[in-house]
Amino acid sequence: MADLTFLRGYNEALVMAVARTRPAFERATIADATGLTPQAVSKVLGRLVEHGLIAPAGVRRPAIGKPAGVYELVPGSRYAIGAHVARRTLRLVLTDLAGAVRHSVVTPLPADFTPGTLLDELTAGVDRIAAAHKLGARLTGVGIGMIGPLDHAQGTVRDAHRLRHWHDVPLRELAEQALGRPVHLDKDVTAGVTAEAWRRGPAFRDAALIMVESGVGAGLWLGGAAHRGSHTNAGEFGHTVIELSGPPCVCGRRGCLEAVHDRAVADGDIRAAARVLAVGIVNLVQTLDVAHVVLAGADLLTHAEIYRAEAEAAIRTQVPRADWQTVRITLSSLGADVIAAGAAMQVLDSRYGIPDLAPLESAGARPPHSG
């Protein structure tokens, strides 16, 4: 029974992946895109219609052949709330099943806030959104994009930089107890790059999101999936050293990119700060060969064009073969909402996305395509 339950979930996720990327689709569209048999497609579509996730949308009548039923996603059938925990604010975003942002609100947080303070604000904010939009059972869960270092697998904030009260805090467990709902916890930058991947589609395969907001970090999307690393703490981009005798950093080292960048900001030289970030971006491109870099974060977006211009100039002049190793530099498509929206999308992915297939692949198996 467990295997059958997994199989149904996997096949439903395959169909939902197609539904989220097309305004309308037919059975044949699903079969071609997923490799499922026509019988399996019919079974899956029936279940998804029954659950209200998709709905019939008329009939297509071709010039030759039988009419074909058309289906479409029902975006308002499910929702998720995403939270972006920054050092100064808590941003909450409501997204629907298609990943569209339906509501966004920002609440200030006190300096050096405690876990208890955050949980109080989070609970109050989630309750207000759920009540105002009459979500009820349509609210799938809550996602949190949090400052790192962070253990995604354990749901624990290890030592959030510049926050004294966040040493080994089991935030996911505490949030689930406070909210009474499923909670997904991830690093802020990983949540952000997930949102960009949802909106940009399959071409967004090897990319990075660079965030500057009371700190500097990088969300990595490699091989078409979020990259978290062995300890699920990848993305500490701001704590890579670029100046050996540079200023002390909050992480305990000297000359970190974040510290050098912040020194330039404190001096009032935003262009110099942007050049520092651009050097780091080139280092990242040379290390990981990403093809797309998205710039994000409230502090960066205030001076967006300066940061983008310096990053583009650095790629053009510092990458040895920029004509061949091309890199696209863009601003976040969701602006200040990107982290919170990505956290919400991760919740929807955890319920309606493709399950993690690593155990199957390591055994050399593939999930069978039945109903």
Query - Simple label model, 7 Å out from Cα along Cβ direction - GLU50 to THR21, nm - result: 2.8 nm
Query raised in the report: Which ³J(HN,Hα) values, rounded to whole Hz and listed in residue order, are derived for region 26-35 from phi using the Karplus coefficients 6.51, -1.76 and 1.60 in 6.51 cos²θ - 1.76 cosθ + 1.60 with θ = phi - 60°, glycine and proline given as x?
Result: 10, 4, 5, 4, 5, 4, 5, 7, 10, x
Query - ARG328 versus HIS167: modelled label distance in nm, points set 7 Å from Cα along the beta carbon direction - result: 4.5 nm
Query raised in the report: Expressed as a rounded percentage, what relative contact order does region 1-155 have, with Cα pairs under 8 Å and six or more residues apart?
Result: 18 percent
Report summary line: Rounded to the nearest 10, the angle in degrees between the Cα long axis of helix 115-132 and the longest principal axis of the Cα atoms of the chain comes to 40 degrees
Query raised in the report: Which semi-axis lengths, in whole Å and largest first, follow from the square roots of five times the eigenvalues of the Cα gyration tensor of the chain?
Result: 38, 25, 19
Requested in this report: Tally up the carbon and sulfur contribution to the accessible surface of the chain as a whole percent, 1.4 Å probe, everything protein left in place.
Outcome: 52 percent
**Report entry** Amide H contacts of HIS292 (H built 1.01 Å from N, under 5 Å, at least 5 apart or other chain)
**Finding:** ALA208, ARG328
Query raised in the report: For the pair SER230 and THR123, how long in nm is the line joining their label points, each one 7 Å along Cα→Cβ?
Result: 3.9 nm
**Report entry** Highest to lowest packing among 343-353, 103-113, scored as the average C-beta count within 10 Å
**Finding:** 343-353, 103-113
Query raised in the report: Suppose every K and R has +1 on its Cβ and every D and E has -1 on its Cβ; what is the size of the dipole of region 9-167 about the Cα centre, in Debye to the nearest 20?
Result: 380 debye
Query raised in the report: Out of region 67-150, which trypsin sites (Lys or Arg not before Pro) are coil in DSSP terms and have no more than 15 other C-beta atoms within 10 Å?
Result: ARG88, LYS134
Query raised in the report: Kirkwood-based Rg over Rh for region 232-366 (C-alpha set), two decimals?
Result: 1.05
Query raised in the report: Of the listed peptides 274-282, 153-161, what is their order by residue-averaged count of other C-beta atoms within 10 Å, with the highest listed first?
Result: 274-282, 153-161
Report summary line: Averaged per residue, the 1.4 Å probe accessible area of the chain, protein heavy atoms only, in Å², is roughly 45 Å²
Requested in this report: Note down the relative contact order for the chain as a percent, whole number, built from C-alpha pairs under 8 angstrom at least six residues apart.
Outcome: 19 percent
Query raised in the report: For ARG263 and ALA132 in the same chain, what is the full-extension length gain: residue separation times 0.36 nm, less their Cα-Cα distance, in nm?
Result: 42.9 nm
Query raised in the report: How high is the FRET efficiency from ASP32 to VAL241, r the C-beta distance, R0 51 Å, rounded to 0.05?
Result: 0.55
Query raised in the report: Can you give me the relative contact order of region 176-335 as a percent, contacts being Cα pairs under 8 Å and 6 or more apart?
Result: 20 percent
Query raised in the report: If you add up the charges near VAL265, with Lys and Arg at +1 and Asp and Glu at -1, over every other residue whose beta carbon is less than 13 angstrom from its beta carbon, what do you get?
Result: -3
Query raised in the report: If eta is 1.306 mPa s and T is 10 °C, what Stokes-Einstein diffusion coefficient results for region 83-185, Kirkwood Rh from Cα pairs, in µm²/s?
Result: 113 µm²/s
Requested in this report: Excluding residues fewer than 8 places away in the same chain, name every one of the aspartates and glutamates whose C-alpha is closer than 16 Å to that of LYS66.
Outcome: GLU26
Query raised in the report: If you count the DSSP beta bridges with both ends in the chain, what percent of them are antiparallel, to the nearest 5?
Result: 65 percent
**Report entry** Other-chain or far-sequence residues with amide H under 5 Å of ILE144's (modelled H)
**Finding:** ALA83, HIS184, LEU185, ASP186
**Report entry** Helix 338-352 vs. the chain, principal-axis angle (Cα, 0 to 90°, nearest 10)
**Finding:** 30 degrees
Report task. Against the globular-protein guess of 2.2 N^0.38 Å, express the Cα radius of gyration of region 156-220 as a ratio, rounded to two decimals. Result -> 1.33
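The values are calculated or read from the model by the stated rules, or taken from the named source; none is laboratory data. Computed from a prediction, not measured in an experiment: that's the story for all the values here. Counting neighbours? That spans all protein chains shown, and the Cβs are built from the backbone with ideal geometry, glycine included. When the accessible area is computed, the model is the full protein with side chains, heavy atoms only, and any ligands, DNA or RNA have been set aside. Shrake-Rupley method; radii C 1.70, N 1.55, O 1.52, S 1.80 Å.
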